Amino acid sequence: MKNKEGGLGAPIRNKVDWTNKDFTDDTLIDEELRRVFDICHGCRRCFNLCESFPKLFDLIDESKTGELDSVESKDFKGVVDACTLCDMCFLTKCPYVPPHEFNLDFPHLMLRYRAMERKNGAHKKVDDFLTNTDRNGKIFSKFSKLANWSTSTKNKITRPVMETFLKIDKEAELPKYYKKTFVDESKLEKSNFNDSQHIIDKVAIFPSCFVNYNNPNIGTLTEKLFKKLNIETKAIYEGCCGMPQLEGGDLKSVVEKAKNMSLVAKPLIESGYKIISIVPSCSLMLKYEWPLLANEDSNIKLLSESTLDICEYLVDLYKTGKVKDIPKLPNEQNVTVHISCHSRAQNIGQKSAELLKIISNLNVDVIERCSGHGGSWGIKKENFKMAIKVGKPVARKTIQYQNEYLVSECPLAGVHIQQGVKKLDEKFNPKTFGHPIELFALANSIK
């Protein structure tokens, strides 16, 4: 039976064969880019998803023939650099993804190009510095006051210097650092339970590098919430999930991280612990990207099958009826919830919105559209204005709702949306939570 145009079946993601020498072959990659770009040019469903597709279509439309044959291969780099690997084209728009015979996976083709650049020494060294989150976190946490002073957008001395040498836009908000990381705080936590309490579940919390170094309060509130729900917790953190390295085409580093983490997680999983990831980008890496990069590793497969996004886990827990108390805020409130791209890429539904709807006196409005941030992509000088532009519809909708609270499942996206709101309406200032779990903890009287 021949494949039809599009289809209703779930997309299938092929493994990333990154160890094959053909994976980074310049000629083969150029051939595949031209094959895929020609199909995209004839379809154009993704024209409004991100900047990659407008760049591609402009390249073709403004060429001598108006077709791909007159576009030079060197000009493809702009298309690749604009991709944030959000996966929305693959999951929500493209009718030609596997099992279709065209076998398109646009994000993983961009990934392949970046791996080729790295092999050829053409990647930017400054990006490797910026995305080494564990090294930076360990250093900057020790000197948190100095780090936060120097990275503040109000600092007119250091931010222009950072823009010049690190290529970080001086207007882009950067995460703060804390003297005590989440893992440090978790080690100080006393035993969760006494013998008379009934433990309903056991979870190991993977905080992400962001929660560990840049917002440990999210992790601490998570532990307190689980304790109140009679869930035994442990912290598990062997380092960053590797999403920043994935974006830079450093696939060897990503697989090393996956193998290290899966080895540590294995005995916990075998003793009954579920792995709970707080940040959606990390959930996506553990659940989907790691197995695609190392699909023959049984430990990575076990970790993938045992990992849940925190909102996904809590919604499922409440549905079981094991938790009887319904959370409630001191007063009726309204919240705008942004569903991040990496949450959507997990195909789990709007779990953060479902979680907050459990709060009895909270009215929830949902925005399901790209914030424009794109991780480290959106803070760069060459991208920041575009990141604000891409996120403008989300900012406009946030202003339209006029809700007291604003929250995104992605902590970086929430801050970026707030910046976009300020550029459109300086007077509107919703309280922005770093994660839905903060608002949910508040409704459970946890501080």
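Numbers at a glance
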{"item": "Distance between the stretch 93-119 and the stretch 14-44 - C-alpha centres, whole angstrom", "result": "6 Å"}
{"item": "Nearest-20 debye value, the stretch 222-359 charge dipole, Cβ charges on Lys, Arg, Asp, Glu", "result": "480 debye"}
{"item": "T432 long-range amide H proximity, modeled H, under 5 Å", "result": "L406"}
{"item": "Phi-based couplings in Hz for the stretch 150-155 (Karplus 6.51, -1.76, 1.60; Gly and Pro marked x)", "result": "6, 8, 5, 5, 7, 7"}
{"item": "Efficiency of FRET between K266 and D26 - r from beta-carbon atoms, R0 35 angstrom, step 0.05", "result": "0.35"}
{"item": "Nearest-ten-degree value, helix 133-142 long axis tilted from longest Cα axis of the chain", "result": "50 degrees"}
{"item": "Size descriptor, Kirkwood hydrodynamic radius, that averages inverse alpha-carbon separations across the stretch 326-443, Å", "result": "14.3 Å"}
{"item": "For the stretch 247-383, alpha-carbon Rg and Dmax in angstrom", "result": "17.5, 52"}
{"item": "Set K397/K427; K138/K397; K234/K301 screened for pairs whose C-alpha atoms are more than 26 Å apart", "result": "K138/K397"}
{"item": "Those aspartates and glutamates that a straight Cα-Cα span of less than 17 Å connects to K380, excepting residues fewer than 8 apart in one chain", "result": "E51, D81, D127, D128, E163, D169, E171, E173, E247"}
{"item": "D201 long-range amide H proximity, modeled H, under 5 Å", "result": "E232"}
{"item": "Reachable lysines, given that their alpha-carbon falls under 28 Å from the alpha-carbon of K64 and they are not under 8 places away in the same chain", "result": "K55, K74, K77"}
{"item": "Dipole magnitude (debye, nearest 20) for the chain, charges at Cβ of Lys, Arg, Asp, Glu", "result": "1520 debye"}
{"item": "Beta bridges by DSSP in the chain, antiparallel share as percent, to the nearest 5", "result": "5 percent"}
{"item": "Karplus 3J(HN,Hα) series, Hz, for the stretch 122-131 with 6.51 cos²θ - 1.76 cosθ + 1.60 (x for Gly, Pro)", "result": "9, 7, 8, 5, 5, 5, 5, 5, 5, 8"}
{"item": "Correct option for volume of the Cα convex hull per residue in Å³ [calculated from the coordinates] among (i) 201; (ii) 238; (iii) 161", "result": "(iii)"}
{"item": "Distant-in-sequence amide H partners of H338 (H built 1.01 Å from N, under 5 Å)", "result": "I367, V407, S408, E409"}
{"item": "Stretchable slack from E256 to E426, in nm (0.36 nm times residue separation minus alpha-carbon distance)", "result": "56.7 nm"}
{"item": "Vicinal HN-Hα couplings computed from phi for the stretch 172-184 (Karplus, 6.51 cos²θ - 1.76 cosθ + 1.60; Hz; Gly/Pro x)", "result": "6, 5, 10, x, 7, 10, 10, 4, 9, 7, 4, 4, 4"}
{"item": "FRET efficiency estimate (nearest 0.05) - Cβ-Cβ, L229 to D58, R0 60 angstrom", "result": "0.70"}
{"item": "Rounded to 10°, Cα long-axis angle of helix 106-119 versus longest principal axis of the chain", "result": "80 degrees"}
{"item": "Percent of C-alpha pairs per 10 Å bin, the stretch 21-119, short to long", "result": "15, 52, 31, 2"}
{"item": "The chain: angle of helix 26-43 to the longest principal axis, Cα-based, in degrees nearest 10", "result": "80 degrees"}
{"item": "18 Å cut-off, amide nitrogen to a point 7 angstrom out along K180 Cα→Cβ, residues in the stretch 197-220", "result": "207, 211-220"}
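Bear in mind these aren't lab numbers, they're just calculated from the coordinates by the rules spelled out. Small disclaimer: the values here were computed from a predicted structure and weren't measured. Positions of Cβ are backbone-derived with ideal geometry, glycine not excepted, and every protein chain shown enters the neighbour counts.
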